[in-house]
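The values are calculated or read from the model by the stated rules, or taken from the named source; none is laboratory data. Predicted model, so just to flag it, every value in this text is computed and none were measured. Virtual Cβ from ideal backbone geometry, glycine too; neighbours counted across all protein chains shown.
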């Protein structure tokens, strides 16, 4: 197979939106009444803005949350609650780091009246994540960032597959980031048993998020389910909770007075690409690509001044690695909606 055929087709489509577009901008004119969405981490930062935009278009949304009572308080304060027109959002308990919790949420959701009339789930947005966290093992000894950001969402999507496939044109959005540039998937040392590096672990997890979208799209296309990976941009949210202030200052993310660098987006701008990938009619018939700034991203220009912050690296859209990661993830979790 040639190198070109190994990779997904990464080329801008001229969406009409850009870096400064907001979630409200990209959802304008889109009608989601009668549609159901699940948004992980939908009660803070980008997730909250994503939920706000989808609800404004008429979608009914379920937010799985590790702290469900806190999530309900935040969403209620934002005017988002079950049965509220333009804000129909409900919460259910789920911890992505706990496979039993993911299974319990999925079983409850599939058995509930939260699905659309056709029993379908129209949008799944895998938004929740942890970043650069201290070394921690979860489950049977999995590295926590890989387990939470990737394996939790992998299990969730597979368990919800019957509902995704039941509708017409469901979309799955996996939030990656330019963090993918920090590390490919380390197939020979997934759990960093040879020594932990918090940023390489984050990079591996974000690469895994992108590869997940590549393979889910390949597997789901015949059922009308398309998947997209998204880089939301740099945004100051609770995702940075594990980072010391001194480290963020040294990285140029903020100055010593706490002023955030102008390169950072607002949460509303950061949520825009997720919402665009989930709802834009311009993406009809497409999938399996990595998006940024409300458009399909171009391949990284290796060696360029912007190589670290723009474009998608080849290892994050490699079809062979995507299939390999899917097989490994199915083995680790014991879950595969497409297995024989």
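Would you check if residue 213 is assigned to a helix (DSSP H, G or I) and modelled with pLDDT of 65 or more? Full working, then the answer.
Working: assigned to a helix (DSSP H, G or I): yes; modelled with pLDDT of 65 or more: yes.
When the stated conditions are applied, residue 213 passes them.
On the given criteria, is residue 298 surrounded by fewer than 17 Cβ atoms within 10 Å (Cβ to Cβ), free of Cβ contacts under 8 Å to residues at least 60 places away in the same chain and more than 18 Å from the chain's Cα centre (by Cα)?
No: the conditions fail for residue 298.
When you go through 330, 337, 282 one by one, which is the residue that is over 25 Å from residue 151 (Cβ atoms), at pLDDT 95 or above and not in a strand (DSSP E or B)? Lay out the reasoning, then the answer.
Details: 330 fails: over 25 Å from residue 151 (Cβ atoms); 337 fails: over 25 Å from residue 151 (Cβ atoms).
Every option except 282 fails the conditions.
Kindly indicate whether any position in the range 23-30 is surrounded by 18 or more Cβ atoms within 10 Å (Cβ to Cβ) and touching a strand residue (DSSP E or B) at 6+ places or on another chain (Cβ under 9 Å).
Checked against the condition, which is being surrounded by 18 or more Cβ atoms within 10 Å (Cβ to Cβ) and touching a strand residue (DSSP E or B) at 6+ places or on another chain (Cβ under 9 Å), the range 23-30 yields no hits at all.
Could you say whether any residue in the range 159-173 is over 20 Å from the mean Cα position of the chain (by Cα), under 19 Å from residue 206 (Cα atoms), at pLDDT below 95 and part of a loop (DSSP other than H, G, I, E, B)?
no
Going by the structure shown, is residue 38 within 30 Å of residue 110 (Cβ to Cβ), free of Cβ contacts under 8 Å to residues at least 60 places away in the same chain, buried (at least 17 other Cβ atoms within 10 Å of the Cβ) and touching a strand residue (DSSP E or B) at 6+ places or on another chain (Cβ under 9 Å)?
Answer is no for this residue.
Can residue 14 be described as part of a loop (DSSP other than H, G, I, E, B) and free of Cβ contacts under 8 Å to residues at least 40 places away in the same chain?
Taking the combined requirement at face value, the residue does not satisfy it.
Of the conditions (1) touching a strand residue (DSSP E or B) at 6+ places or on another chain (Cβ under 7 Å); (2) at pLDDT 95 or above; (3) surrounded by 20 or more Cβ atoms within 10 Å (Cβ to Cβ), residue 149 clears all except one; give me its number.
Of the numbered conditions (1) touching a strand residue (DSSP E or B) at 6+ places or on another chain (Cβ under 7 Å); (2) at pLDDT 95 or above; (3) surrounded by 20 or more Cβ atoms within 10 Å (Cβ to Cβ), the odd one out for residue 149 is (1).
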